[in-house]
Amino acid sequence: MTEQKKRTTIVLFSGDYDKAMAAYIIANGAASYDHEVTIFHTFWGLNALRKEKLIPVSKGFLENMFAKMMPRGADKMGLSKMNFAGFGPKMIKNVIKKHNAVPLPQLIELAREQDVKLVACTMTMDLLGLQEKELLDGIDYAGVAAYLADAEDGNVNLFI
Amino acid sequence: MTEQKKRTTIVLFSGDYDKAMAAYIIANGAASYDHEVTIFHTFWGLNALRKEKLIPVSKGFLENMFAKMMPRGADKMGLSKMNFAGFGPKMIKNVIKKHNAVPLPQLIELAREQDVKLVACTMTMDLLGLQEKELLDGIDYAGVAAYLADAEDGNVNLFI
Amino acid sequence: MTEQKKRTTIVLFSGDYDKAMAAYIIANGAASYDHEVTIFHTFWGLNALRKEKLIPVSKGFLENMFAKMMPRGADKMGLSKMNFAGFGPKMIKNVIKKHNAVPLPQLIELAREQDVKLVACTMTMDLLGLQEKELLDGIDYAGVAAYLADAEDGNVNLFI
């Protein structure tokens, strides 16, 4: 009988650089210990999956406002603490560089190389007016049912 | 032998509209997949259970200040991001309406119809000076011991 | 055959007084119900483990800035909501006192007496420039691998 793989399922709700870093560090760790890992991006966490380039799509007025106010991609996200109008993220990125740690965009790439399943929550994409072509290519799209199916047999479930 | 029901237990610590929405969406999803679901409201999460109407109760000075500064009920809660002095919640409520999504007060009603157990943490009620008659009727009251009893055999445990 | 102990593993990412209180209340509850409990302090959660006294250590410029801007120890941490430039924490501490609840520094002491394992995340210590002698004596030091080893067989896993 084959042993079932352990499973780590993370809801990334937060749009903060530091919290997303924590999510991806845990996800990459779990993947390297051979867990099946899913990160389910919802609400502001979707911003980590946005392409940096402005993708021209037609949107309603409110959706356009959200799109403009929210950061385009992991590298543009702010900190949950000590953001200081964008100075905090610079400090963090400087110490990451100095200590040879891995910045968030590369943590996301690494996760993809390790087959971490990156899921965008379709319900909140709809709410915030985000469209598939604005998000990274090759990710999955799903709703709360798929999240629960992953999580209910999981070993490590986190909401970040 | 009857199979044991799966169990989802959520600590709702946050008093943010968007985080509470996420908690109740997951809870309602889990309930519709036949999980036993508990939302344990503690600290600012208790505000989601407050009645909208001002209930006259006698309180100490500090408790009165907390009561006045905290939102009365789910509909009055702010956003964790982009709150913009109350404009953010209006935007979210507008897109919820536009996309036929379910606003938070109705998500809470739906949870009650689905027998999601709504618990108010008695220890933090005491700290913040909230009294039973200020909270929705028919909810449960418990402390950390009851939370742990629910959570320790659970499948999905989240802190939101 | 001896029954295996239940296990509660908490990631304390937040540097907020109220969130750290919630983490330590759950941890102390779980320990008193005979769980094996670990609190893994990462990012701003490390501040809960800092000694109050200024410990003279040599640091780089950025690390010095972080050290100066971050609170030294649990008692100096702010609130996640209604911080009001430090007035909120005073209010909370006053109601804690009034209601004979346990303030955060004592919750931490209690956790240590109950053998809750307090771990400092070495990767984020490095990033934020925190050194072992600045943190409470007798705690553990580990990385994400140790966290996952604890969490993957756990009953209650939370990210706070």
Dipole of region A:91-160 (Lys/Arg Cβ +1, Asp/Glu Cβ -1, origin at the Cα centre): which of A:His99, A:Met123, A:Leu158 lies farthest to the positive side?
A:His99
Taking the Cα centre as origin and putting +1 on Lys and Arg beta-carbons and -1 on Asp and Glu beta-carbons, what dipole magnitude results for region B:1-103, to the nearest 20 debye?
400 debye
Let me check against my output: what whole-number percent is the relative contact order of region B:7-159, with C-alpha pairs under 8 Å and at least 6 apart?
37 percent
Working note, region A:90-160: Cα radius of gyration (Å, one decimal) and Dmax (Å, whole number) are 15.3, 42
Rounded to two decimal places and with Rh computed the Kirkwood way over Cα pairs, what is Rg over Rh for region B:7-159?
0.96
Going by average Cβ density within 10 Å per residue, which order do the peptides A:147-153, C:100-106, A:30-36 take, highest to lowest?
A:147-153, A:30-36, C:100-106
Greater than 22 Å separation of Cα atoms is the criterion. Which listed pairs, A:Lys90/C:Lys51; C:Lys19/C:Lys117; A:Lys19/C:Lys81; B:Lys133/C:Lys93; A:Lys59/A:Lys117, meet it?
A:Lys90/C:Lys51; B:Lys133/C:Lys93; A:Lys59/A:Lys117
How far, in nm, would the chain grow between A:Asp34 and A:Asn64 when pulled straight, counting 0.36 nm per residue and subtracting the alpha carbon separation?
6.8 nm
Binned at 20 Å from zero, the C-alpha pair distances of the protein assembly as shown give percents of 24, 61, 15, 0
Placing the label point 7 Å from Cα along the Cα-to-Cβ direction, what are the distances from C:Gly86 to the equivalent spots in the other copies, shortest first, in nm to one decimal?
3.0, 3.0
With n ≥ 4 as the cut-off for DSSP H runs, can you work out [θ] at 222 nm for chain B, using -39500 (n - 2.57) per run divided by the number of residues, rounded to the nearest 500?
-11500 deg cm²/dmol
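Quick note: the coordinates plus some simple rules give every number you see, no bench work behind them. Since this is a predicted model, take the numbers as computed values, not measurements. Cβ atoms come from the backbone with ideal geometry, glycine included; neighbour counts cover every protein chain shown.
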